[in-house]
Amino acid sequence: MIDLYSFNTPNGRKITVALEEMGLPYTVHVVDITKGQQFDPAFLEFAPNNRIPAIIDQDGPDGRPIGIFESGAILLYLAEKTGRFMPADRRGRIMVTEWLMWQMGGFGPMPGQVHHFLMQPEGPARDYGVNRYHTETKRLYGVLDRRLAGRDFVASADEPTIADFAILGWAWRHERHQVPFDDLPNVAAWYARMLARPGVARGLEVPMS
Ligand SMILES: N[C@@H](CCC(=O)N[C@@H](CS)C(=O)NCC(=O)O)C(=O)O
């Protein structure tokens, strides 16, 4: 059994989607980041960066519990544990790692900044922040759209991988960071393809707040 410590956010949704797709049993423990619960000392024991998501797998690699923080590390761990959503061949694994790191380094931090600046009071600081991070977020969506031309999934031709789950978590909030899919036909088709999967749909619906 896996204990998931999370909240209803893009980074949190990556993991419920992965757990549902993998068919792993798990229990959600809501960490309400709007109430400061991410600073609870008991949570910091295994999530020292005071951010969700984090997991404790009671059945860790050596049969003992293991705590893991950082959504990318959790996805890699779950893929290794199940042998699923990560290709077996080295070239395929490198491609998944590239797109997972692309998400973790940019396609998450950048739209996250758009969310932040959109909530600021009107004024030059807000305008500067929104412009800067919205421009970069749109650039990243352009990269994704070009990558998905003629492909069903980001890093593997015929089935999704953990890279798709990671990217989906943020694309799921595209309306909030104000990037419509009108000029992103390949992203739009991929998004619809992902949402049509029952595991993805369940992962996006699991109560987490
Ligand atoms: N790189 C981290 C980022 C995690 C992250 O930023 N989580 C946000 C919610 S999406 C959070 O917990 N924020 C709490 C806070 O800022 O105190 C990951 O991917 O796990």
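Taking the stated definitions as given, is PHE165 surrounded by 12 or more Cβ atoms within 10 Å (Cβ to Cβ), in a loop (DSSP other than H, G, I, E, B) and in contact with a helix residue (DSSP H, G or I) (Cβ under 7 Å, 6 or more places away or on another chain)?
Working: surrounded by 12 or more Cβ atoms within 10 Å (Cβ to Cβ): yes; in a loop (DSSP other than H, G, I, E, B): no; in contact with a helix residue (DSSP H, G or I) (Cβ under 7 Å, 6 or more places away or on another chain): yes.
Judged against the criteria, PHE165 is not a match.
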Query raised in the report: If we keep just the residues of segment 104-128 that are farther than 16 Å from VAL179 by Cα and assigned to a helix (DSSP H, G or I), which is nearest to the ligand (Cβ to nearest atom)?
Result: MET104
Requested in this report: Could you figure out which of (1) crowded, with 20+ Cβ neighbours inside 10 Å; (2) in contact (Cβ under 8 Å) with a residue 24 or more places away in the chain; (3) not acidic (Asp, Glu) isn't true of TYR133?
Outcome: (2)
**Report entry** Odd one out for MET101 among (1) closer than 23 Å to THR137 by Cα; (2) buried (at least 17 other Cβ atoms within 10 Å of the Cβ)
**Finding:** (2)
**Report entry** First in segment 7-31 and closer than 17 Å to PHE69 by Cβ and without any contact (Cβ under 8 Å) to a residue 60 or more places away in the chain, second anywhere and near the ligand (Cβ under 8 Å from one of its atoms) and aromatic (Phe, Trp, Tyr), Cβ under 6 Å, 6 or more apart
**Finding:** VAL31/PHE7
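Yes or no, residue by residue, for (1) of a type in the set (A, V, I, L, M, F, W, C); (2) within 14 Å of the ligand (Cβ to nearest atom); (3) part of a helix (DSSP H, G or I):
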| position | (1), (2), (3) |
| --- | --- |
| LEU4 | yes, yes, no |
| ILE15 | yes, yes, yes |
| LEU19 | yes, no, yes |
| VAL28 | yes, no, no |
| GLN38 | no, yes, yes |
| PHE43 | yes, yes, yes |
| ARG51 | no, yes, no |
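Table: residues versus (1) of a type in the set (Lys, Arg); (2) within 24 Å of VAL143 (Cβ to Cβ); (3) touching a Lys or Arg at 6+ places or on another chain (Cβ under 9 Å).
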site: THR27; (1), (2), (3): no, no, no
site: PHE69; (1), (2), (3): no, no, yes
site: ALA79; (1), (2), (3): no, yes, no
site: ARG91; (1), (2), (3): yes, yes, no
site: ILE94; (1), (2), (3): no, yes, no
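Mind checking whether some residue in segment 195-204 is in contact with a Gly (Cβ under 6 Å, 6 or more places away or on another chain), of a type outside the set (Lys, Arg) and at pLDDT 95 or above? Lay out the reasoning, then the answer.
Applying the first criterion (in contact with a Gly (Cβ under 6 Å, 6 or more places away or on another chain)) to segment 195-204 yields none.
Checking segment 195-204: not a single residue is in contact with a Gly (Cβ under 6 Å, 6 or more places away or on another chain), of a type outside the set (Lys, Arg) and at pLDDT 95 or above.
The values are calculated or read from the model by the stated rules, or taken from the named source; none is laboratory data. As the structure is a prediction and not an experimental result, all values here were calculated from the model. Glycine gets a Cβ as well: all are built from the backbone with ideal geometry, and neighbour counts include every protein chain shown.
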